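Colleague: My structure is below; once you've seen it, I'll send some questions.
Just so it is clear, none of the values below were taken in a lab; they were calculated from the coordinates. Because the structure is a prediction, the values reported are computed rather than measured. All Cβ positions, even for glycine, are placed from backbone atoms using ideal geometry, and neighbour counts span all protein chains on display.
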Amino acid sequence: MSMKTSETPRRIYTRNGVTHVLFEGRTFGAPAESVLSLEHPVTCEKLPSDGGRARVEVTQRRGGRPSLTETWRTVTVPRKPRQ
């Protein structure tokens, strides 16, 4: 399986209440006030470190409307066993 390039659109996932995207082998989570839609793909661009967890700039283009951009940080998505 080959890795996607940074320009390749990616899908936003939600699991156990955590909205996230996979990029460069890491999981990046949305901030609490995120306005991005799960319906449209996003592109990610790596940002320089600010001394905290790794971060990316997530951009969502929605045909005919202005693009939305947010900064997401690495997160750990909790894994709960199936009932």
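Colleague: Taking the Cα centre of the chain as the origin, how large is its charge dipole in debye, to the nearest 20, when only Lys and Arg (+1) and Asp and Glu (-1) carry charge on their Cβ atoms? Don't skip to the end; give the middle numbers.
Modeller: Numbers: 15 positive and 8 negative charges, 86 e Å.
Magnitude of the dipole: close to 420 debye.
Colleague: While we're looking at this one, here's another question. Output ³J(HN,Hα) for the range 23-29: one whole-Hz value per residue in order, computed from phi by the Karplus curve 6.51 cos²θ - 1.76 cosθ + 1.60 with θ = phi - 60°, and x for Gly and Pro.
Modeller: Computed from phi, the couplings for the range 23-29 are 8, 6, x, 10, 10, 10, x Hz.
Colleague: What do you get when you divide the Cα radius of gyration of the range 1-41 by 2.2 N^0.38 Å, with N the number of residues? Write down the numbers at each step before the final one.
Modeller: Working: Rg = 10.9 Å, N = 41, 2.2 N^0.38 = 9.0 Å.
It is 1.20.
Colleague: Separate question: What distance in nm separates the two pseudo spin-label positions at Tyr13 and Leu68, each 7 Å out from Cα along the beta-carbon direction?
Modeller: Between Tyr13 and Leu68, the simple spin-label model gives 2.0 nm.
Colleague: Please report, to two decimal places, log10 I(q)/I(0) for the range 18-63 at q = 0.20, 0.29 Å⁻¹ as given by the Debye formula with identical point scatterers on the Cα atoms and no solvent.
Modeller: The Cα Debye sum returns log10 ratios of -0.70, -1.31.
Colleague: Between Leu47 and Arg82, how high is the FRET efficiency from 1/(1 + (r/R0)^6) when r is the Cβ-Cβ distance and R₀ = 25 Å? Nearest 0.05. Mind dumping the intermediate values first?
Modeller: On the way: r = 35 Å, r/R0 = 1.41.
So, using R0 = 25 Å, E works out to roughly 0.10.
Colleague: Here is a follow-up. Which of Thr14, Thr74 comes first, and how do the rest follow, when ranked by fewest Cβ neighbours within 10 Å?
Modeller: Thr14, Thr74
Colleague: When Cα Rg over 2.2 N^0.38 Å is calculated directly from the model, which label among (1) 0.97; (2) 1.11; (3) 1.18 fits?
Modeller: Of the listed options (1) 0.97; (2) 1.11; (3) 1.18, (2) comes from this structure.
Colleague: Quick one: if you stick a label point 7 Å off each Cα along the C-beta vector at Arg61 and Val75, how many nm between them?
Modeller: Going by the 7 Å Cα→Cβ label model, 2.5 nm.
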